[in-house]
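Asker: Mind looking over this structure? Questions follow.
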């Protein structure tokens, strides 16, 4: 196995291991070819804004997608007050009303990028991260 492929597997494990331990994502085979690129057949990822232990959080806190277009986030607010979901690096800013789901269409994603996700209505809330891996 080349160093690039080994590094890619280690990086992926470091990103998804915490979510796996919490049961936030399911285990799927990941094919890491020599070039260190990835494949992903998902077109939509579900995200929840929730109150956990007195803190507002996004679940999952780390979202991993591959580069390309045709992707969206389905965000659901489980709390009793409006919350924001902003991805400043992508120019996205939406308000999630209590008990409602909002689909956020993502622009074409470029591999090798990491984006912050936060609540622009309540800056002290916990943030999340969108990691974009290079695709084939």
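The values are calculated or read from the model by the stated rules, or taken from the named source; none is laboratory data. Computed from a predicted structure; not experimentally measured. Because the Cβ atoms are built from the backbone with ideal geometry, glycine has one as well, and the counts that use them run over all protein chains shown.
Asker: Within the bounds of segment 93-100, is there any residue that is surrounded by 12 or more Cβ atoms within 10 Å (Cβ to Cβ), closer than 17 Å to residue 45 by Cα and within 14 Å of the chain's Cα centre (by Cα)?
Answerer: no
Asker: So is residue 123 outside any strand (DSSP E or B) and modelled with pLDDT of 95 or more or not? I'd like the intermediate steps shown before the answer.
Answerer: Numbers: outside any strand (DSSP E or B): yes; modelled with pLDDT of 95 or more: no.
Here the answer is no, as residue 123 does not meet what is asked.
Asker: Just to confirm my filter: which strands (runs of 3 or more DSSP E) fall fully inside segment 33-79 and include at least 1 residues that are modelled with pLDDT under 95 and loosely packed, with under 14 Cβ neighbours inside 10 Å?
Answerer: Result: 44-52, 55-59.
Asker: In addition: Give segment 80-91 a look and list any residue that's surrounded by 14 or more Cβ atoms within 10 Å (Cβ to Cβ) and not in a strand (DSSP E or B), or say none.
Answerer: Those that are surrounded by 14 or more Cβ atoms within 10 Å (Cβ to Cβ) and not in a strand (DSSP E or B): 82, 90.
Asker: Next question. Please find, within segment 92-111, the residue that is nearest to residue 80 (Cα to Cα) out of those that are touching a residue at least 24 places away in the same chain (Cβ under 8 Å) and in a loop (DSSP other than H, G, I, E, B).
Answerer: 100
Asker: Name the residues in segment 103-119 that are farther than 13 Å from residue 58 by Cα and touching a helix residue (DSSP H, G or I) at 6+ places or on another chain (Cβ under 9 Å), would you?
Answerer: Answer for segment 103-119, where residues must be farther than 13 Å from residue 58 by Cα and touching a helix residue (DSSP H, G or I) at 6+ places or on another chain (Cβ under 9 Å): 106, 107, 109, 113, 114, 115.
Asker: Between a first residue in segment 62-90 that is in contact (Cβ under 8 Å) with a residue 24 or more places away in the chain and at positive phi and a second residue that is surrounded by fewer than 17 Cβ atoms within 10 Å (Cβ to Cβ) and assigned to a strand (DSSP E or B), which pairs have beta carbons less than 7 Å apart while being 6 or more apart in sequence or on different chains?
Answerer: Partner pairs satisfying both residue conditions: 68/135.
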